[in-house]
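Contents: one structure, followed by commentary.
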Amino acid sequence: METRRQKILFVALLVLCTAVTLFRLTMPETFAVWMRVMPEDQTVIINNTQWKKLVSWDFSDGHFPDAWGWGDFDLENGDLVLHDPQGDWTVYFTPIEHAGDFILDTEFMIEPGENAGPQEAHLITRDSRELNSECGLAVFIGDHGFLRNTVRKKNYFRETVDLGQTVVAGQWQRARLQYLNGRVSAWVNGIEVPSPDGVYPQTLYTEPHFAAHNSTVHYRNIKIYSKMRNVPLPGRHQPSDLLAGLQPWRTEPVDLPRSWQRRGSGGSGGSGTGMARGAFNSAEVSPSLSLWKPITGNRPQTFSGVEPPPLPDRRGIPVLILKIIFGFIIVSICLYIIRHYVFTINRLTGQQRHPYLDLDTVEWPGVTVLIPAHNEEEVIGEVLEVLLEVDYPADRLRILPINDRSTDSTKEIIDRLCAENPGRITPFHRTDGEPGKAAALRDAMKMVDHEFVLVFDADYLPGTGLVKQLMAPFFDPEVGAVMGRVVPHNVGTNLLTRMLDLERSGGYQVDQQARMNLRLVPQYGGTVGGLRVQALDAVGGWRTDSLAEDTDATYRLLLGGWKTVYQNRSECYEQVPDTWSVRMNQIFRWTLGHNQTLTRYFWKMFGNKRTRFAEKVDGILLLGIYWMSPIMLLGWLVGGTLWYLGINKPGLIIILAVTTYSAVGNFAVFFEIATAAHLDGTRGRIRLLPFVLMGFMVSLVSVTRATLTQIFRLHGRDGIFWHKTKHKRREA
Amino acid sequence: MSLAFASVLFLAVTLVWILLPLVPAFHELRFKTDAEPLRVVRRSDTNIRHFALGFRGFLQKHFATHLDRCELTDLPQIGELTDGTPFCVLPETVEEPPVDQENPSTEEDPHLVISCGNLKLDAAKTYPREVYARGSLSAGKGASLRAALADQSIYLGDGCTSYRWLHANGEIHVGQACTLYGRVSADRLIKMGDDCRFERLHAPRIEFGTPAAPHETPEEVREIDLEKLPRFADHSADRYLFRRQLEIPAGGHVEGDIVVTGKLKIGAGARIDGSIKSHDDLELADNVRIAGSVVSGKNMRLGEGCALGGPVVAEQRAEIGAGCTFGDEENPTTLSARGLKIASGVVAYGTVWGGDS
């Protein structure tokens, strides 16, 4: 039932994600903004294009819009006033953050002043807050202006053009800026500004905004339209055609506001030049949008000459939380990328540690070799025969096969070999007790009277020198466990086995050996390895409630101040899974075990005085690796959510994309596996690297499924039993 | 170029770009050019006699008849193997390889030299192929050998060099300032002269220089309560764990294993009935006795007259003082370091490894 419920859950999730994505893709470019601020549907068709009104402000209600900018700006007498009389910096004001193709209509008035430089009003769009490029219209007092085009930061292109009219200080002017299909056009009082090069970089992110430089500029009747769709209309229409049809410009002299006098502005404005209020098409003007929240403080600070810090996003705590989560995910992914690189580069260029490899003339201690077996009639005989021939003093080597309630002929095979080799094999036929490999090992330990045990699964074939190689590190009094290298034997069976061969190669040849080199935390893997019995007993022996008794033992030994040593040249063949279902179950089990160990020992690692800081970090990263799959999926989900919420910062998406790709793609993992194959001298199989991505996807699903299962406690104690792969007899 | 065409072209190029790496991948998957399991060493190759045994098998295969006819002739047999390797088989009565009459001043003898009895190699001459003596083999001063096997003993004069391996069923005596690359093994004794360099030695007894007189074991030692020493961290499984550093006072006696996460110093005459390990440098003063193994994560410095019973591992360099002994005749052991500097008078029973020693 659980499996069925999980399947339904995952399919539903998949369908939901697909639907939302399709929905998002079919929406107009300004979906996020539209969804947030526009309850009414006001559209207008201009030159074959239907535009939707996004913003319409007259500031008559005295509310400041929920917008952002920097510098000194405020509302005065119903006008938006941008104040930069000394030209310290360009004050700007941004009504919306993302508009795609847009039209910006407004009225503006430059206050009269006595400044030396040109007094300017700007209508500008740009592609990011970082000012990587911006493009727009600048209008000076007088009869000229310029179109500016910055395709790279600090690389302005400014070409002064004749506006064809005189812009008088203290008079209201009307202007329009249009960004459409990568071109910027501008009009002042209905007359198009000549554009030598209005081409603007195509970008997902455009940001219409107003600015003032070396002047104080008033804006009012601000309207912003965003492109909805193209509308086929007969004939060729230019934007200027439509503008030409608008009402002619009218000016009405008015008194200067007192605030101007307070600032002491002189010039033509000081002489009482009246203001002019243009007449827009009244049908386009709407009441101020009630959804815009008034500012209740927190106004940007005035600055001078120094770029201010980024303004706070005022979209609420949920977005902030999402951003924090997103940041955490990015940092986590980057950590693992760095880890991969450090390990790989260490293997390529670092000093390799094999300190115990040379110990061949010593008084070898007694050792018991444990071989847990549950229905292993196909392979148990072979491993026992091989062990009988290993190069180790026979009087100090005890072979102890653990026949745990096998229902096939495992028992008979063991007994026969025992009879044929008297004194060499001590069988342990387990007929009751707790299920599971850990419980079997725990019970078998009662029969062990040596200081050390080695463990081999029944399908492993140790070489003649392997027992000595695995025993050598135990002469180091700090070593609690030893791990050898597992090498797939059935490599050529199918794509899966070939991929697992690459993965194992990367995992052992690079990961484990690098951890050995760097004195971090090599992992005892439960087979092709051994343990110091006293050390294991000191940290609690085999834990039968553990889903991964080997990982659990590694960490308990670590916390107890015992080291695990990896012997890269102590190799042993294994049969890797050759079907995807078995592989997925294997990953499922490993994930459960790792996560369980992580939850058990995470906090204990921090306060432990027997481990070094580097071991703590590596130990946590090693256990946390199975969390990276769900974290990565969560990253995609959070990134998408932020996108839908209008936090359309391509940077965030790109960061996640790059880091994810680096984690799974050709940078980190590919590099590691290719390095492992290179070190193994098996370069031909490097060609299979692109398939590793497929294996990653399978792992992503399996690990996430296991993690979610564990989080929601769908996996109880009933999960502890003999997890085994059906082993087949090897070819001769 | 229309926008639609450009889009299609872009997509097509992108698709090709993505699929390109899959071409060799599918080729490898289909034709399996590298799908064999990684070759695992099934039999241990750490046996120091590995090459000597291989060479003996080679002799048996190619020179069995020559060796059987040793007594039948008094003349060297010179010839070539099928692969073009020149050889020279000397009878028991001839101890020196014949001189090349065409070029008597040559400094290199290209032959694979096989002697039915004792063999004497010229001084300052190079033997780029293996050398075998059914009796003893002696090389003159400054001779260079690729590899040598002797059924009795090998005597190398001063300044000799061996490049691959040496093995003697009896003893190996090495003169001063010799350089021995690769493996050197003897079934009874290796006696090294002063200022020699080597990589790996193995024999029941290895003497460096002149054996020193045995140091007297201190009569009185006093028990040390390790748990009362500073920076004690843990005692479990008969192992004492210390953080940062530890110094065992002179004449102290400790039972159990000691692990220190920093430097470890053991005072003169101390006795440890267990093993010791330091993550950092390890220093033993004179006459220290350690029953178990000694492991240092970095450098190791042993004073004079130390006696170590178990294996000794230094991950970096080790300096061994005069008169130290490693193992004994009943319990041979291994001394291993990335670099070794051994004073005269040291005796090791078993194996000595030194990367640059």
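Please treat every number below as a calculation from the coordinates, not as lab data. Remember, predicted model here, so these are calculated numbers, not experimental data. No Cβ is skipped: glycine too gets one built from the backbone with ideal geometry, and neighbour counts run over all protein chains shown.
Within a Cβ distance under 9 Å of A:V528, other residues only, what is the Lys/Arg minus Asp/Glu net charge?
-2
State the three equivalent ellipsoid semi-axes of region B:115-172, derived from the C-alpha gyration tensor as the square roots of 5 times its eigenvalues, in descending order and whole Å.
Equivalent-ellipsoid dimensions as semi-axes: 16, 11, 10 Å.
Shielding of A:679-687 by partners, i.e. mean partner chain Cβ atoms within 10 Å per residue?
Per residue, the number of nearby Cβ atoms from other chains is 5 on average.
Just to confirm the filter: which GluC sites (Glu not before Pro) across region B:264-357 are DSSP coil and have at most 11 other Cβ within 10 angstrom of their Cβ?
For GluC sites (Glu not before Pro) across region B:264-357 that sit outside H, G, I, E and B with at most 11 neighbouring Cβ atoms in 10 Å, the list reads B:E329, B:E330.
Around B:I248, with a cut-off of 14 angstrom between Cβ atoms, what is the net charge of the other residues, counting Lys and Arg +1 and Asp and Glu -1?
-1
Where does each of A:D105, A:D358, B:D234 land when they are ranked from fewest to most other beta-carbon atoms within 10 angstrom?
The fewest-first ordering by Cβ neighbours comes to B:D234, A:D358, A:D105.
Let me have the 222 nm mean residue ellipticity of chain B computed from DSSP H runs of 4+ only, each contributing -39500 (n - 2.57), with the sum over all residues rounded to the nearest 500.
The helix-only estimate for chain B comes to -4000 deg cm²/dmol at 222 nm.
Shape verdict for chain B, please, from the Cα gyration tensor: rounded (a/c under 1.5), prolate (a/b greater than b/c) or oblate.
oblate
Once amide H atoms are built 1.01 Å from N in the peptide plane, which residues 5 or more positions from B:Y155, or in another chain, come under 5 Å H to H?
B:L137, B:S138, B:A139, B:H173
Determine the gain in length on full extension of the stretch A:Q351-A:A394; use 0.36 nm per residue of separation and subtract their C-alpha separation, reporting nm with one decimal.
Result: 11.9 nm gained on full extension.
Cross-link list A:K616/B:K263; A:K446/B:K263; A:K437/B:K298; A:K411/A:K604; A:K616/B:K32: which exceed 31 angstrom alpha carbon to alpha carbon?
With Cα atoms farther than 31 Å apart: A:K446/B:K263; A:K437/B:K298; A:K411/A:K604; A:K616/B:K32.
Quantify how strongly other chains surround peptide B:21-28 by giving the mean number of their Cβ atoms within 10 Å of each of its Cβ atoms.
Across B:21-28, the average partner-chain Cβ count within 10 Å equals 5.
Which ³J(HN,Hα) values in Hz, rounded to whole numbers, follow from the phi angles of region B:67-79 under the Karplus curve 6.51 cos²θ - 1.76 cosθ + 1.60, where θ = phi - 60° and Gly and Pro get x?
For region B:67-79, the Karplus-derived couplings read 5, 5, 9, 4, 6, 8, 9, 10, 10, x, 9, 10, x Hz, x marking Gly and Pro.
Among DSSP bridges having both ends in region B:175-257, what percentage is antiparallel? Round to the nearest 5.
DSSP beta bridges in region B:175-257 are roughly 25 percent antiparallel.
Kindly give the semi-axes, whole Å and largest first, of the ellipsoid equivalent to region A:540-587, taking each as the square root of 5 times a Cα gyration tensor eigenvalue.
In descending order the semi-axes read 26, 18, 8 Å.
Quick one: of the DSSP bridges fully inside chain B, what percent are antiparallel, nearest 5?
15
Go through B:137-146, A:453-462, A:339-348 and give me the packing order, highest mean Cβ count within 10 Å leading.
Sorting B:137-146, A:453-462, A:339-348 by mean packing, highest first, produces A:453-462, B:137-146, A:339-348.
Where both residues lie in region B:46-185, what percent of DSSP beta bridges are antiparallel, nearest 5?
Here the antiparallel bridges make up roughly 10 percent for region B:46-185.
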